[in-house]
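Novice: Quick one: this structure, given as structure tokens, is what I'll be asking you about.
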């Protein structure tokens, strides 16, 4: 594989690492300004709002320019969002700006592989891209957790001779800005490739109609419906669970925000990676629907968070939940890609998938924010979340448990 492919991988790694680290810095910034706890899930809502609103348009935008340039523009927008946080813009608005850049970045990072590489290398290349993205998530969580720790911020201040008035949150955002800058500089060296799939029209109304046609076509297909529903539910649950773990770590284990990232969430990501590898080896595409009971078990396993107060048990539980998540979502994601490719094409199906997943994230985070606003105890929130996840998975399995004709 030539040098250009590894440049693409490096750009994706540092951008994804910064995305995951920035969440911790943004939460720390909210704590610094004494924002109420319900604003933490709203923070992530602000981030993913762009993915929902821009879903019909980011694909055509990514296809209108060389993908490396789209990635560069997107990282520049993320950097502007970091600067906005540092100069005092409301963290919710500034983090939403970063989400705008992330929404534009998503189709470019997937689309560039099909333009740059021959078809026989795509599976291999995608495995590298996904594996490196998982690594970036793990490292990003760890880096974010470390950077928001006061002792780490103090050490960086002393090494750079910075004024003591810089807070840990501000220091973390500055370092993460440098990660985005590094990713943007790497983007400059991504090889330019011919633009192969420009949209038939730039008319917003045409793009909206085309998007909604694909949306309803995928939802009306039985296997498209179940795979789309499961992946949609999974990503909504995953985003909410990440914030729940941070809150739970503080209450049950007396961990700081930084410790919650470095000592717990990294293990959850490791569990997802292990589950994904096991699923890839054991589950065939035509049997993908058979993994739905694992999703039910995952929802029930979340309830085990309530009585646990020992760090080792917490780590083992999160690894187990992560393994279940990775095991059931990978086959369903593969099934969705297969049905999407047959029905509406790969690119349009990814746009529909992203739209649905981010709607789910937005709604679940909204439910979490509402329960926080109402002052419900964390254990009640965990109970509602776990039972909701298990119940919805159970309904999907009851309806689609025997759908096996993948086409």
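Novice: Have a look at 391, 401 and point out the one that is modelled with pLDDT of 90 or more and within 28 Å of residue 290 (Cβ to Cβ). Steps first, answer last, please.
Specialist: Numbers: 401 fails: modelled with pLDDT of 90 or more.
None of the other options fit; the residue is 391.
Novice: Restricting region 75-94 to residues that are in contact (Cβ under 8 Å) with a residue 40 or more places away in the chain and farther than 17 Å from residue 171 by Cβ, which is surrounded by the fewest Cβ atoms within 10 Å (Cβ to Cβ)?
Specialist: Across region 75-94, the extreme among qualifying residues is 93.
Novice: Continuing with the same structure: Name every residue in region 1-49 that is assigned to a helix (DSSP H, G or I), more than 30 Å from residue 381 (Cβ to Cβ) and either free of Cβ contacts under 8 Å to residues at least 60 places away in the same chain or touching a strand residue (DSSP E or B) at 6+ places or on another chain (Cβ under 6 Å) (or both), in order of residue number.
Specialist: Kept after step one, since they are assigned to a helix (DSSP H, G or I), are these residues of region 1-49: 3-32, 39-49.
Restricting the remaining residues to those that are more than 30 Å from residue 381 (Cβ to Cβ) gives 3-15.
Those that are assigned to a helix (DSSP H, G or I), more than 30 Å from residue 381 (Cβ to Cβ) and either free of Cβ contacts under 8 Å to residues at least 60 places away in the same chain or touching a strand residue (DSSP E or B) at 6+ places or on another chain (Cβ under 6 Å) (or both): 3, 6.
Novice: If I ask for residues that are within 18 Å of residue 308 (Cβ to Cβ) and either touching a helix residue (DSSP H, G or I) at 6+ places or on another chain (Cβ under 6 Å) or crowded, with 17+ Cβ neighbours inside 10 Å (or both), which ones from region 366-388 would you list?
Specialist: 378, 381, 382, 385, 386
Novice: Being more than 30 Å from residue 86 (Cβ to Cβ), more than 21 Å from the chain's Cα centre (by Cα), buried (at least 21 other Cβ atoms within 10 Å of the Cβ) and at pLDDT below 80: is that true of residue 223 here? Lay out the reasoning, then the answer.
Specialist: On the way: more than 30 Å from residue 86 (Cβ to Cβ): yes; more than 21 Å from the chain's Cα centre (by Cα): yes; buried (at least 21 other Cβ atoms within 10 Å of the Cβ): yes; at pLDDT below 80: yes.
Considered against the rule, which asks whether it is more than 30 Å from residue 86 (Cβ to Cβ), more than 21 Å from the chain's Cα centre (by Cα), buried (at least 21 other Cβ atoms within 10 Å of the Cβ) and at pLDDT below 80, residue 223 comes out as yes.
Novice: Take residues that are assigned by TED's automatic domain parsing to the domain that holds residue 399, within 23 Å of residue 38 (Cβ to Cβ) and within 23 Å of the chain's Cα centre (by Cα) and tell me which of the helices (runs of 4 or more DSSP H) falling wholly in region 241-323 contain 3 or more. Explain how you work it out, then say what you get.
Specialist: On the way: elements: 257-260, 266-282, 292-302.
Once the helices (runs of 4 or more DSSP H) in region 241-323 are filtered for at least 3 residues that are assigned by TED's automatic domain parsing to the domain that holds residue 399, within 23 Å of residue 38 (Cβ to Cβ) and within 23 Å of the chain's Cα centre (by Cα), what remains is 257-260.
The values are calculated or read from the model by the stated rules, or taken from the named source; none is laboratory data. Note that this is a predicted model, so its numbers are computed, not measured. Cβ sites come from the backbone with ideal geometry, for glycine too, and all protein chains shown count toward neighbours.
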